[in-house]
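Participant: The structure that follows is given in the form of structure tokens.
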């Protein structure tokens, strides 16, 4: 003979487990949770007066006491469609303009390669 109450209990347990799986958050492989954190780390470095100090010269959304020596950092994807050129500008702006007052953050080792990469991700998101 069949154990009907046992089968029903098992079936209902499977339904409860299956239903609870639909409540789990879905993450995408392309964006990933790390993408936002890299941008936030880059923002933190860019706004840090002892590190990137971008606000000394540039107006950046969300920044306080921004300078106006350099151009405002807006629409960066349109201004730098090639992200590598933006990175090169931050690494050593004197290559594109020998008379610039922007410090060569990479060449003078003001920032590490990793810090520059994070700032590039942040600036490119503006």
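The values are calculated or read from the model by the stated rules, or taken from the named source; none is laboratory data. All of these numbers come straight from a predicted model, not from anything done at the bench. Neighbour counts run over all protein chains shown; Cβ positions are idealised from the backbone, glycine included.
Participant: Would you confirm whether or not segment 61-69 contains a residue that is under 20 Å from residue 38 (Cβ atoms) and either at pLDDT 95 or above or loosely packed, with under 15 Cβ neighbours inside 10 Å (or both)? Break it down into steps so the answer makes sense when it comes.
Facilitator: Residues of segment 61-69 under 20 Å from residue 38 (Cβ atoms): 61-63.
If we keep only those that are either at pLDDT 95 or above or loosely packed, with under 15 Cβ neighbours inside 10 Å (or both) as well, we get 61-62.
The answer is yes, given that some residue of segment 61-69 is under 20 Å from residue 38 (Cβ atoms) and either at pLDDT 95 or above or loosely packed, with under 15 Cβ neighbours inside 10 Å (or both).
Participant: Can you pull out the residues in segment 99-126 that are part of a loop (DSSP other than H, G, I, E, B) and under 16 Å from residue 70 (Cβ atoms)?
Facilitator: Here is the first cut: in segment 99-126, the ones part of a loop (DSSP other than H, G, I, E, B) are 99-112, 125-126.
Of everything in segment 99-126, those that are part of a loop (DSSP other than H, G, I, E, B) and under 16 Å from residue 70 (Cβ atoms) turn out to be 99, 100, 101, 102, 103, 104, 105, 110, 126.
Participant: Related question: Do you know which residues across segment 86-126 are farther than 22 Å from residue 40 by Cβ and touching a residue at least 24 places away in the same chain (Cβ under 8 Å)?
Facilitator: The answer is 101, 102.
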